[in-house]
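The structure that follows is given in the form of structure tokens.
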Amino acid sequence: MNTRRKFLQSFAALGALPLLSFMPNLKKRQKKYTEGLVVSTWNFGVKANTAAVKIMNDGGNALDMVTAGAMEMESDPTELTIGLGGLPDREGHTTLDACVMDSIGRAGSVCFLEKIKHPVAVARAIMEKSPHVVLVGDGAQQFALQNGFPKDEYQNPEAQKAYREWLEKSEYKPIINIENHDTIGILAMDKKGDLSGACTTSGLSYKMRGRVGDSPIIGAGLYVDNEVGAATASGLGETILRSCSSFLMVELMRQGYSPLNACKEAIQRLVKINSFMNIGDYQACFIAVSKEGEIGAYSVHPGFTYSVWKNGEHQVLTAGSLLS
Ligand code: GLY
């Protein structure tokens, strides 16, 4: 028998064994939380959370909750950072990024999508109806049209006006809002205690054509592990991409970090990895939820707000930050 076949046979025999974990100090999970909760980036997340709670009360699961919440934000034609109302790239085109991840480890993502109102629903359709995780650009649009998403030529007059003003200087400096919102990242736990997450954005304004940020990248802008917790991000995507922040936060929670400490550690790691940049030139903001229903949030600069629905109440909270 050749060596390769022998190897494959012994590998198959391993299938009968339970998977071994070599990670030290794994946290013993406490009782999972089953009252339902939603947490979203920024103060505008209250709108998303309200839509998510409505779906939960109608019998929806965590995936339905985050999809509904993200779609609510994409439906606002005046929103300058999410959906078709978002500020365009340097060539005047609004391009959209989104993703979802559910409680059984499935993920779907769409990048550089144009003229489709609900990128998060397309990301979910990619997850549920295709063998892939990520579709981009024309291919993503083709998939959307073939799956019943209509083409939408909407342009936000306010975004177009801002773009015309920007064109006068055409200065490109990737400044992400520090005291204001950009991406919506939304994490939900349903009444079974299952977790899902979604993220949707029009990305950095006046970005180079084809630029994709962290928001649709599984592990960077969003990560969910139903055994441990979920995390999502907002801020300058390039900094978050370099540090795989959402995956890191979930792995830190697996090791026993609280969601708040996972966010803090991930912010410190991000700042270290991006230390070649001027820290004044970017903001990064994280939220995380543990399987036990604890919530944490943290950012590089002050001003990051996040919205929570828990125990039947909506709250807008201000996260702590590394810098003051
Ligand atoms: N976090 C959104 C972006 O950088 O595109």
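For the subset of segment 199-210 comprising residues that are out of contact with any Asp or Glu (no Cβ under 7 Å at 6 or more places or on another chain) and closer than 18 Å to ILE184 by Cα, which member is modelled with the highest pLDDT?
Only one residue fits best here, namely CYS199.
Another question, if that's okay. Based on this model, can you work out whether TYR172 counts as surrounded by fewer than 21 Cβ atoms within 10 Å (Cβ to Cβ), touching a residue at least 60 places away in the same chain (Cβ under 8 Å) and aromatic (Phe, Trp, Tyr)? If you could, list the steps in order and put the result at the bottom.
On the way: surrounded by fewer than 21 Cβ atoms within 10 Å (Cβ to Cβ): yes; touching a residue at least 60 places away in the same chain (Cβ under 8 Å): yes; aromatic (Phe, Trp, Tyr): yes.
Against the criterion (surrounded by fewer than 21 Cβ atoms within 10 Å (Cβ to Cβ), touching a residue at least 60 places away in the same chain (Cβ under 8 Å) and aromatic (Phe, Trp, Tyr)), TYR172 qualifies.
If you take the residues of segment 210-231 that are surrounded by fewer than 24 Cβ atoms within 10 Å (Cβ to Cβ) and in a strand (DSSP E or B), which of them is nearest to the ligand (Cβ to nearest atom)?
ILE218
Have a look at ILE240, ILE218, ILE184 and point out the one that is in contact with a helix residue (DSSP H, G or I) (Cβ under 6 Å, 6 or more places away or on another chain), at pLDDT 95 or above and of a type in the set (Val, Ile, Thr). Before the answer, list the steps.
Numbers: ILE240 fails: in contact with a helix residue (DSSP H, G or I) (Cβ under 6 Å, 6 or more places away or on another chain); ILE218 fails: in contact with a helix residue (DSSP H, G or I) (Cβ under 6 Å, 6 or more places away or on another chain).
Going through ILE240, ILE218, ILE184 in turn, just one is in contact with a helix residue (DSSP H, G or I) (Cβ under 6 Å, 6 or more places away or on another chain), at pLDDT 95 or above and of a type in the set (Val, Ile, Thr): ILE184.
Rundown of residues vs (1) at pLDDT below 95; (2) outside any helix (DSSP H, G or I); (3) under 29 Å from LYS291 (Cβ atoms); (4) out of contact with any helix residue (DSSP H, G or I) (no Cβ under 6 Å at 6 or more places or on another chain), yes/no style:
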| site | (1), (2), (3), (4) |
| --- | --- |
| GLY105 | no, yes, yes, yes |
| VAL110 | no, yes, yes, no |
| LYS115 | no, yes, no, yes |
| VAL120 | no, no, yes, no |
| ILE126 | no, no, yes, yes |
| ALA140 | no, no, no, yes |
| LYS151 | no, yes, no, yes |
| TYR154 | no, yes, no, no |
| GLU158 | no, no, no, yes |
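Within segment 43-58, restricting attention to residues that are touching a helix residue (DSSP H, G or I) at 6+ places or on another chain (Cβ under 9 Å) and touching a residue at least 60 places away in the same chain (Cβ under 8 Å), which residue is surrounded by the fewest Cβ atoms within 10 Å (Cβ to Cβ)?
Restricting attention to segment 43-58, the residues satisfying the condition of being touching a helix residue (DSSP H, G or I) at 6+ places or on another chain (Cβ under 9 Å) are 44-45, 47-56, 58.
Remaining after also requiring touching a residue at least 60 places away in the same chain (Cβ under 8 Å): 44-45, 48-50, 52-53, 56.
Values: PHE44: 21, GLY45: 29, ALA48: 32, ASN49: 26, THR50: 16, ALA52: 34, VAL53: 21, MET56: 22.
Out of the qualifying residues, it is THR50.
Sticking with this one: Being crowded, with 21+ Cβ neighbours inside 10 Å, within 11 Å of SER321 (Cα to Cα), out of contact with any Gly (no Cβ under 7 Å at 6 or more places or on another chain) and not polar (S, T, N, Q) is the filter here, so list the residues in segment 264-308 that pass it.
Selection gives LYS264, ILE267, PHE286, ALA297, VAL300, PHE304.
The values are calculated or read from the model by the stated rules, or taken from the named source; none is laboratory data. The shown structure was predicted, so the numbers you read here are calculated from the model rather than taken from an experiment. Glycine also receives a Cβ, built like all others from the backbone with ideal geometry; neighbour counts cover every protein chain displayed.
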